[in-house]
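Taking it in order: structure first as structure tokens, then the write-up.
Taken together, the values in this text are just the output of simple stated rules run on the coordinates, not laboratory data. Nothing here was measured: the structure is a model prediction, and the numbers come from that model. Reconstructed Cβ throughout: ideal geometry from the backbone, glycine too, with neighbour counts over all protein chains shown.
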Amino acid sequence: MIRFILTRLLRAFVTIVLVVTFAFVVLRLSGDPATIILGPEAPPEAIAAFRASWGLDQPVMVQYVQYFAAIFQGDLGMSMRDGRPAFDLVMERIPATLALTIPALFLKLALGVPAGVYAALHQGTAFDRTVMVAAVMGFAVPSFVLALGLVLVFAVNLGWLPSGGRDTVWHAILPIITLGLGGAAALARFTRSAMLEVLGQPYIRTASSKGLAWAVVVRSHALPNAAIPTVTLIGFLVGSLIAGAIVVESVFSWPGVGRLMVVAVANRDLAVVQCILLLVATTMVTSNLIVDFLYGALDPRLRHGARAAA
Amino acid sequence: MTDIANATPAPALRLPRMPWYVAFGMGWIIFVLAVALLADVITPYVFTAMDLKYRLVPPFQTWAHPLGTDELGRDVLSRLIVSIRISLLIAFGATVISAVLGTTLGFLAAHFRGIVEQAVLMLADFQAALPFLILALSVLAFFGNSLPLLIGLMGLYGWERYARIARGLAISASAQGYATAITQLGATPQRVYLRHILPNIASTLIVSMTLIFPEVILLESGLSFLGLGVQPPMTSLGNMVGYGREYITRAAWIMLCPATVIVLTTLAVSLVGDWLRDRLDPTLG
Amino acid sequence: MSALLDLHDIARSYVTRKGLFGQRKLVRAVDGISLTVNPGETLGIVGESGSGKSTLGRMALGLETPDEGHVTFDGAPMPSHGTPAWRALRRQMQMVFQDPLGALDRRLPVIEQIIEPLIIHGIDGDHRRAGLTALSAVGLSADHGLRYPHELSGGQRQRVVIARALITDPRLLVCDEPVSALDVSIQAQVVNLLIDLQAARGLGMVFISHDLRVVRQIAARVAVMYLGRVVEEAAATDLFRAPQHPYTRALVSAAPSPGPRRIERVILTGEPPNPAARPTGCAFHPRCPVALPRCRTEAPALSRIAPGHAAACHLLSPAAKVAAR
């Protein structure tokens, strides 16, 4: 078990190092950071000062090490747009993003998991077919189309809800529904197939042929086993709480991290982009770690290192 | 022994029976492909041409502009046709790049094993661990934007899935013996991989392509919608939706036309892909 | 006459490891073997699974490089695996596999696979005609050539593999259990085909099998392997008439043979050999009915016990015979 945890931690660390390396390489490949960040018309003295302060006059390997050191000390650079630390800018936006994505996550779970389980238990019925059609549609309809469709119906035609901004609780409803519906479809489809796979296993047939009531079989044998793959997907959804809202925040002019990212990319505000990249990577990696440990707790077979070699 | 000799080989090309929705998917794919290929011939107007007498004409009002016009009086149908061409071009280019890249890396991992394999798997883990949209946005922020860059960037999408499949299948092909046998005949590794292993795993790779293709369309249209993908005056489906969003209250058709095409196309390709997977390769996830 | 293939004191070990951080363990699959194959001669290699006979065959072809010792083919050292020189040498040395279906590409008609070595080695000429000749040489018709591997029977597939192996007129053919996957009724046909082709073309052949009956039919000389070492080597007639090593005696006595039984049936007891847990001394001693205390500590060397007959057993060495007298 200790070896299992150590292997996972090592992998997580390697992923973070790769992300930082990616940011470093991309930053260097994209040209002279000084002219990119200060603009081509910056005075030469400013460029020289910038190069000195960022260590750009040093050899590449030294820069690489310094870059790591700075990042692990929490120094993520200044936003070129308003001259404040990028980290502060991003942190300010996090509550707004979570205010959308956490309710949306609950919406996904509340719709997707029961629908998937119910569809699996009643395979081939009208309900099951509806879930499958919804799941396929949920994949084919991109979130911005769904968002604009909802705006068209509920804001433009019916006038019930506002179409953008973050002034009242009502403003959050359409974005949450957009995020929730798309994810719920995928989650329902996934839960359904996990559940169907478990229901096809011999031990389920054994349990029900022993005379156990079907409800008991489902509750005590099928659900816990189907939960294992589903937890992975939920972990991924939690990991994408911050990144998942990029498009939807933009449609609804919601002042969260996703919208900040889009604006920063459009303005080539590199410090902010890099900060969000690292933040997202860290969240993903952390939630993957937690999922791996949960996996270990849910599936006793994995506790004994069977997965460590995989 | 002779009775085997008389057995007729299965006809190579017999269209299998397909459900109606797969037939619909096939039909739609053929339709958009035809539109994309014939775009130059069938567009009624040059897609950037403005006709200020006809601004914000709704669809089905005049034969001159069957799908209406936008704020600048540009013909929505012409723009839609060109957008289909650009979006499909990007998605095809990206899917091919990603399949070639992933398959090559997978083969290299299977051939050299050891450090090469570990490096490929580590990169694949890294790619799978991060939402691609974030990576794509970061690259666009650093490098700015151009059509070749956009295709190349999208070409990084999904490579890790091809790599894993190609690696796994190549390793099992070697274990099965025919790869070893052909190596023992004196064939170069290129010959073993390209002439023997690749045709043997092609159906699995093609199914994977049909599963990844719609995701690439969605990704490109998402980026273009945000204004970070295809740049004006060039247009793409996502781009049109992004532009049409400004006129959602007055001229929803500008946005609805491309949105419908996006949904129908991803739907069609994924229906066909799912069906192909079930028929050809039930082992794929 | 100079040897076609010469294996000189070759050894090969594998590292086995349990899990990611498990203990590494060295397993010696082949442990100091010297053998030669002359042109036109068939050497049979007999042994149970785990005796290292397949590893020996792979080293003979240069598919694996020995850790110790060296392999020479036609007087020249074997190039390392995968080099252009190694690939070019494939024209001279070919292999027949245990599983013919696995050795063929399922997606190509067999005639294309039979002529593939001609394309690989850039040999000019009418490939189609060469393919048809090769087909008829192994007793298949032109019509068989157009089929896919799964449309042929096991015996026919093995004939295809043999046709492919022989199309470049090689001088050495290594057959690794070529008939053990086939029905018994088909085995004899394929073995007879190999005997005929070998005689007609003057092939040097290494024939690896666990089945003494088959080896007896085809081989002129036989080497018996046990846990990576040769325990007895002799002309086939001598070896089957008068096996000397206790292990060979057990094998020969267990195999059905025509005519009255010449030697008493010896039943092997104990665990089947496991290369990962090699016994000390003579590896065969835990199962040997006549083991001495000395066998547990000291490994016997392969030594000549009669002209053209060698064995590795303390009981058979000249010194032991002197002591017994």
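Odds and ends about this structure:
- Site-free segments of chain B were taken between trypsin sites (Lys or Arg not before Pro) in DSSP loops having at most 16 other Cβ atoms within 10 Å, sites themselves excluded; the longest one is B:114-249.
- Modelled label positions at A:A49 and C:H121, each set 7 Å beyond Cα in the direction of Cβ, lie 7.6 nm from each other.
- The range B:157-187-the range B:232-271 distance, computed between alpha-carbon centres (Å): 41 Å
- Given R0 = 56 Å, the distance between the Cβ atoms of C:A200 and B:F112 translates into a calculated FRET efficiency of 0.85.
- Size of charge dipole - the range C:37-176 - debye, nearest 20, with Cβ of Lys, Arg +1 and Asp, Glu -1, no other charges: 340 debye
- A crude spin-label estimate for the pair A:L9 and C:D169, with each label 7 Å from Cα along the Cβ direction, gives 6.8 nm.
- Think of chain A as a dipole: +1 on every Lys or Arg Cβ, -1 on every Asp or Glu Cβ, centred on the Cα centre; then among A:I204, A:G235, A:G116, A:I204 lies furthest on the positive end.
- For the range B:56-187: span of alpha carbons on each principal axis (Å, largest first): 70, 34, 20
- Interchain or long-range residues, amide H under 5 Å from C:S13's placed H: C:A29, C:D67
- Each Lys and Arg Cβ is given +1 and each Asp and Glu Cβ -1; about its Cα centre, the range C:175-245 then shows a dipole of about 180 debye.
- The simple Förster model, with R0 at 51 Å and r as the Cβ-Cβ distance, assigns A:L212 and B:F24 a FRET efficiency of 0.70.
- About its Cα centre, the dipole of the protein assembly as shown is roughly 2440 debye, where the only charges are +1 on Lys and Arg Cβ and -1 on Asp and Glu Cβ.
- Between helix B:253-280 and chain B: long-axis angle, C-alpha atoms, 0 to 90°, nearest 10: 20 degrees
- Helical segments meeting 24 Å axial Cα length and Kyte-Doolittle 0.0 threshold in chain C (DSSP H): C:184-201
- Farthest toward positive dipole pole in the protein assembly as shown [+1 Lys/Arg, -1 Asp/Glu at C-beta], among C:P273, B:Y243, A:V90: C:P273
- Percent of alpha-carbon pairs separated by more than 12 Å within the range B:118-175: 70 percent
- For chain A, the longest principal axis of the Cα atoms and the long axis of helix A:86-121 meet at an angle of about 20 degrees.
- For the protein assembly as shown, the cysteines with no partner cysteine C-beta closer than 4.7 Å are A:C275, B:C257, C:C175, C:C288, C:C313.
- The range B:70-112: chymotrypsin sites (Phe, Trp or Tyr not before Pro) in DSSP loop, at most 12 other beta carbons within 10 Å: none
- Projected label distance in nm at B:L280 and C:T65, using a 7 Å step from Cα toward the beta-carbon: 4.0 nm
- Cβ-based charge dipole, chain B, positive-most Cα from B:V192, B:G168, B:G106: B:V192
- Taking the DSSP bridge list for the protein assembly as shown and keeping only pairs wholly inside it, about 65 percent are antiparallel.
- Under a Gaussian network description of chain A, with springs only between Cα atoms under 10 Å, the residue in A:A110, A:A264, A:A120 that fluctuates furthest is A:A110.
- Angle in degrees between helix A:257-267 and the longest Cα principal axis of chain A, rounded to the nearest 10: 40 degrees
- Kirkwood hydrodynamic radius of the protein assembly as shown, from inverse mean 1/r over distinct Cα pairs, in Å: 33.1 Å
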